[in-house]
1. Ratio of the chain's C-alpha Rg to 2.2 N^0.38 Å, to two decimals?
2. Taking the Cα centroid of segment 251-274 and of segment 381-397, what is the distance between the two, rounded to the nearest whole Å?
3. Using per-residue counts of other Cβ atoms within 10 Å, averaged over each peptide, order 102-114, 368-380 from highest down.
4. Report ³J(HN,Hα) in whole Hz for each residue of segment 382-391, in order, from the Karplus equation J = 6.51 cos²θ - 1.76 cosθ + 1.60 where θ = phi - 60°; Gly and Pro get x.
5. Give me the percent of accessible area attributable to carbon and sulfur for the chain, probe 1.4 angstrom.
6. Mind running the shape call on segment 121-237? Use the C-alpha gyration tensor, a ≥ b ≥ c as the square roots of the eigenvalues: rounded below 1.5 for a/c, prolate if a/b tops b/c, oblate otherwise.
7. Place the peptides 347-358, 146-157 in order of packing, highest mean first, counting for every residue the other Cβ atoms within 10 Å and averaging per peptide.
8. Given the options His159, Pro383, Pro280, identify the residue whose Cα lies farthest towards the positive end of the charge dipole of the chain (+1 on Cβ of Lys, Arg; -1 on Cβ of Asp, Glu).
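The values are calculated or read from the model by the stated rules, or taken from the named source; none is laboratory data. As the structure is a prediction and not an experimental result, all values here were calculated from the model. So basically every Cβ, Gly included, is an ideal-geometry build from the backbone, and we count neighbours across all protein chains shown. Areas reflect the complete protein model, heavy atoms only, side chains present, ligands, DNA and RNA absent. Shrake-Rupley method; radii C 1.70, N 1.55, O 1.52, S 1.80 Å.
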Amino acid sequence: MSEKIEKSNPLATEPVGRLIAKFAIPAIISMLVSSLYNIVDQIFIGQGVGMLGNAATNIAFPISIICTATALLLGIGSASNFNLESGAGNRKRAAEIAGTGLSMLVICGVVIAAVVLIFLNPILQICGVTPEVLPYAQDYTGICAIGIPFLILTTGGNHLIRADRSPTYSMVCMLTGAIINTILDPLFIFGFHWGIKGAAWATVIGQVISGMIVIVYFARIRHMELKREMFAPKGRFLKMIVSLGMASCINQIAMAIVQVAMNNTLRHYGAESMYGMDIPLACVGVISKVNMVFMAICIGISQGCQPIWGFNYGAGRYDRVRETYRKAAAISMTVGILFFICFQLFPRQLVSIFGNGSEEYFHFAERYFKIFMFMTFINGIQPMSSGFFTSIGKAKLGIVVSLTRQVIFLLPLILIFPLFMGIDGVMYAGPIADAAAAAVAITLALRELKKMKQ
């Protein structure tokens with residue numbers, strides 16, 4: 001890297017701790033705001049519609065995960081390549097990669113929305129819907145599909161905005177949509193009496209506005225030298241993007257697969273238990289939204305560190321890469337310990353935020369919180385390490401780390417354990433998968449850091 005580029009880019013010169021705060025805090029806020037779309041809907045639906053409404057959002061959750069997976073595939077892949085090329089001094093090539101990534105975000109968003117609308121009922125059946133929940137899931141998912149193109153553009157585009165050294169703008173983009181959603185939710189649900197349809201329309205409107213703000217950034221404000229002809233997708237750049245975005249995408253796809261398998265497992269074994277089919281679906285839907293807050297912080301830490309990792313790795317500043325990983329791991333562990341305490345001590349209070357239910361409902365929710373989420377204190381290491389490997393161009397290691405928890409460990413366990421333990425088997429599968437995934441992530445990360453030191 002030339003001396004001129006190094007002096008002109010703070011990623012190479014500012015103290016690492018200050019850079020983490022500068023990039024990670026807006027990224028965390030953006031991730032939390034993104035989570036709010038689901039959480040706010042869950043709260044108001046729980047209060048205004050009830051348990052069946054909460055179950056409907058859980059059924060729709062795998063579709064949301066697929067959208068996020070697509071956005072991360074293209075957004076993180078584009079941003080990681082952009083940072084590596086910028087660090088190496090290839091500014092034009094970096095901008096061309098960004099153009100391909102942005103155009104593919106729009107194309108994929110339109111395609112996914114069309115597929116969901118055309119095949120809505122079969123998709124809901126695959127996701128584990130019950131007859132009682134079906135009408136609510138049809139209304140909620142069918143309307144939310146309209147906002148999918150804007151959701152994918154916003155989620156993916158914000159990674160490129162942060163890579164373009166505008167983390168605050170990225171945060172404002174996400175925050176604006178979430179605030180609008182939060183305002184419109186009670187108005188549509190309680191004021192206009194639209195029920196679950198109101199929650200869906202509030203979500204779509206917030207997503208559309210956030211998407212428009214992303215468009216304004218790349219049309220008017222950007223720092224990158226992005227020209228109109230660069231928006232034509234190019235195969236060689238798309239291959240690079242997919243290579244570095246695949247780890248995050250696979251992690252999300254795995255989450256969707258696990259969610260579908262879990263929904264169907266809960267429906268089957270719930271019917272054989274004292275809880276019935278709908279209580280486990282509703283409880284797990286609520287708890288997964290609460291856990292989204294924790295994971296949003298951990299993923300935000302990783303995303304905030306990615307420009308620092310990528311630029312300095314591309315520039316050969318391995319000491320700064322190692323320092324950034326160590327500090328990010330310490331922060332993730334601290335956050336995990338705080339959430340572990342909350343999940344173990346206040347499970348009933350957390351679930352109560354999302355509405356009332358029977359004593360069986362709260363009994364299942366409390367046990368699920370305490371057992372399934374037992375390894376929360378170390379759960380931030382795996383997604384953070386996956387982002388680390390992606391940022392430094394180690395796509396295969398990133399994919400391996402992404403697959404560990406969801407596919408390699410959790411999916412088999414939630415299918416095998418219930419055969420012997422009933423519905424409790426789903427709960428005990430969680431902490432075992434979490435511990436194994438963290439062990440793999442830490443081992444691979446330490447090995448890579450050792451190589452850099454040498």
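1. Expressed relative to 2.2 N^0.38 Å, the Cα Rg reads 0.95.
2. What the calculation gives is 27 Å, centre to centre.
3. Values: 102-114: 18.9, 368-380: 21.9.
Ranked by mean Cβ neighbours within 10 Å, highest first: 368-380, 102-114.
4. 5, x, 5, 5, 4, x, 4, 5, 4, 5
5. Working: 11540 of 17200 Å².
Here it works out to 67 percent.
6. oblate
7. On the way: 347-358: 17.1, 146-157: 26.7.
Ranked from most to least packed, the peptides come out as 146-157, 347-358.
8. Working it through, the farthest residue towards the positive pole turns out to be His159.
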